[in-house]
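Read the structure below first, then the notes.
The values are calculated or read from the model by the stated rules, or taken from the named source; none is laboratory data. Quick caveat, the model's predicted, so the values are computed rather than measured. Cβ placement follows ideal geometry from the backbone for every residue including glycine, while neighbour counts extend to all protein chains displayed. Just the protein is used for accessible areas: all its heavy atoms, side chains included, with ligands, DNA and RNA removed. Shrake-Rupley method; radii C 1.70, N 1.55, O 1.52, S 1.80 Å.
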Amino acid sequence: MNFAAQLFYSSYLSERLERLYAPRPALKGSEENDPFWQRDELCLGSAQPGCSFKSGPVTNGTAGRRPTLIEPERLKDFGEEDLLNGDVKVHDDKVTETPEIVLMDPPKTRRLSEFRIVTRPAPQFLRFEDISAAAFRIQTEIQKTPCTYSRLSKQYGMEIYLKKEHLHYTGSVKERGVLYLLCSLTQEQQRKGVIVATDCNFSMAVAHHAVELKIPVFVIMPSCCSSPRLRIYRDYGAMVISYGSTGHDSQKHARHLASENGYMYLEEDESAAYLAGLGTVGMEIYEQVPKLDAVIVPAAGQYGLLAGTAAAIKHLNSKILVIGIEPESFPLLLQSLKTDSPVKDIHSNPNRKLYGDLMERSLGENTFQLAKKLVDRVISVSEEDSLVAMLRFQEFERSTVDTEGAMGLAAILAGQLPELRGKKVAVVVTSANMDLELVRQCVDRALVLDDRVSKFSVQLGEWPGDMAKLLDFLSREDVRLLDVCHRRQGDKTDLFKAKVECVVETRDRTQSAQLRKTLGERYPSVCWLDR
């Protein structure tokens, strides 16, 4: 109904109500007896003779039409101009029905074999989120080690940055993984305490950080362990117990104590928490060295450092090369990659003094899968190259590291990475825990391997001054005399001659070659001896 029709209807009702409730005039005599519905005042419209309800039916035409109540002139006030025979134009309102909702057919029942089964990828053993959480947790307890530019860069034609993890309190990178591992223990396990039974960098890190976290720690060591090493554990605050003659005896006793007293027996394994802590090294290297091309990581022990660092580096930048280094006498990872499965035992006889921390380690399945997927290359280095690398650290970096810490630089010194020339390379220096006597022996051996210490013998006459002339000659050549031995008992053919053996040290190989040349010209009887 439009607005005009509404106004018309309201006016119509008001007019009718006024007429119904208006005062009634006096009725005529004939009207008093008529019914009220036949009276003239109730008829709509103007009265016309011969027009009543009785004259015919009510229609919408002219004959028998019921006249309108409102005058046609008043319809102009409502905007209605079109009139039909004095009446208002009638508008028909058509009500349309709501559209019919057509339901879809039910889905066809399908067999299970018709569906394509999509296999979900297996959850990752070590995620970058785990490494990031470990970095946030240990940042207050572990110092951020420097990653400095090395003076050896120009000598080997590449930008070498040394990540000095040997500067930790216990002298090993394993502090990172141990601290996060201890923080991951439950309160009940921390209350009862932990126990270790191997003399290695892992055990020293456990002894130190367990005491810092106020966790009881027990160290079971065999009787063959040196006194200085035992004193280190006691200085950290651990309870040291000597038991058995071998490492197997102490480990067996430690497991027995752990089962009886509820201690947590800890050994270096491939737990996710331990690997996540070690992986924080990769995050720091990526932050400290921009536009990095390669990272060289020693792959020794449980290979957790290599796997964790590779997981962090590859997540941040997959183009960065990750190269693992392991000793030539113990190539566990190389053999595992060849057989496509982790090797449990390898028949080799490495130097226990240099690689004693690596002998009783194994390669776990998870660590192997991470290394296989993320490590670009694995290289083995010889014992001689590692000793020379230790010597380079002392001369150029003014620091003492062990053979495991020097393996990364040893691969560069041996020339096994020619593709990295002109590139920016980070080398992880893992540890520096070695007895002083063993350090001295390693340095002496490295000087010989580097052709810096030579031993020769020469025959001199017994005339006065011959020995002084030889020493004066060595002094003018600017060499350092380490040892001299004068033997008077010669061969039967040389009754009037004496044999002199000398040990000298030169600056480098160039000076050593020059000494051999000039000494051969001056003394034709010179004989160079192997040390």
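What is the packing order of peptides 190-203, 248-261, taking the mean over residues of other C-beta atoms within 10 Å and listing the highest first?
On the way: 190-203: 22.5, 248-261: 16.0.
In descending order of packing, they fall as 190-203, 248-261.
Taking 7 Å along the Cα-to-C-beta vector as the label spot, tell me the Thr186-Arg421 distance in nanometres, rounded to one decimal.
5.9
Would you please classify the overall shape of the stretch 156-264 from the alpha carbon gyration tensor, given that a ≥ b ≥ c denote the square roots of the eigenvalues, rounded means a/c under 1.5, and beyond that prolate means a/b larger than b/c while oblate covers the rest?
Details: a/c = 2.34, a/b = 1.47, b/c = 1.59.
Note, shape of the stretch 156-264 comes out oblate.
For Glu365 and Phe136, FRET efficiency with R0 = 22 Å and r from the beta-carbon atoms, rounded to 0.05? All intermediate terms of the calculation are to be shown ahead of the outcome.
Details: r = 28 Å, r/R0 = 1.28.
After rounding to 0.05, the efficiency reads 0.20.
Based on the mean of other beta carbon atoms within 10 Å per residue, what is the order of 460-466, 505-511, 386-392, most packed first? Present the calculation step by step, with values, prior to reporting the outcome.
On the way: 460-466: 11.7, 505-511: 13.6, 386-392: 24.6.
Averaged packing, sorted descending, gives the order 386-392, 505-511, 460-466.
Need one number: nm distance between label points at Lys154 and Asn261, each 7 Å from Cα along Cα→Cβ, rounded to one decimal.
Label at Lys154, label at Asn261, 5.8 nm between them.
How far apart, in nanometres, would the label points at Arg229 and Ala513 be if each is projected 7 angstrom from Cα along the Cα-to-Cβ direction?
Spacing of the two 7 Å Cα→Cβ label points: 4.2 nm.
Check which residues have an amide H placed less than 5 Å from Ile325's amide H, if you skip close sequence neighbours.
Amide H to amide H, under 5 Å and 5 or more residues apart or across chains, Ile325 pairs with Val297, Ala299, Ile379.
Highest mean first, how do 426-436, 275-285, 227-237, 315-325 rank when packing is the count of other Cβ atoms within 10 Å averaged over residues?
275-285, 426-436, 315-325, 227-237
Applying 1/(1 + (r/R0)^6) with R0 = 22 Å to the Cβ-Cβ distance of Arg440 and Glu477, what FRET efficiency is obtained, to the nearest 0.05? Don't skip to the answer; put the middle values down first.
Details: r = 26 Å, r/R0 = 1.18.
Given R0 = 22 Å and the Cβ-Cβ separation, E is 0.25.
Keeping all protein chains in place, calculate the accessible area per residue for the stretch 169-256 (probe 1.4 angstrom), answer in Å².
Numbers: 3830 Å² over 88 residues.
So the stretch 169-256 comes to 44 Å² accessible per residue, rounded to a whole number.
Sort out for me the Cα centre separation of the stretch 253-323 from the stretch 409-438, rounded to whole Å.
A separation of 18 Å, based on Cα centres.
For Asp249, project a label point 7 Å along Cα to C-beta. Then give me every residue of the stretch 209-242 with its amide nitrogen under 15 Å of that point.
Residues 220-226, 241-242 qualify, since their backbone N sits under 15 Å from the label point.
Rounded to the nearest 0.05, what FRET efficiency is calculated for Gln335 and Glu384 with R0 set to 25 Å and r the Cβ-Cβ distance? Don't skip to the answer; put the middle values down first.
Details: r = 21 Å, r/R0 = 0.85.
The pair Gln335/Glu384 has a calculated efficiency of 0.70.
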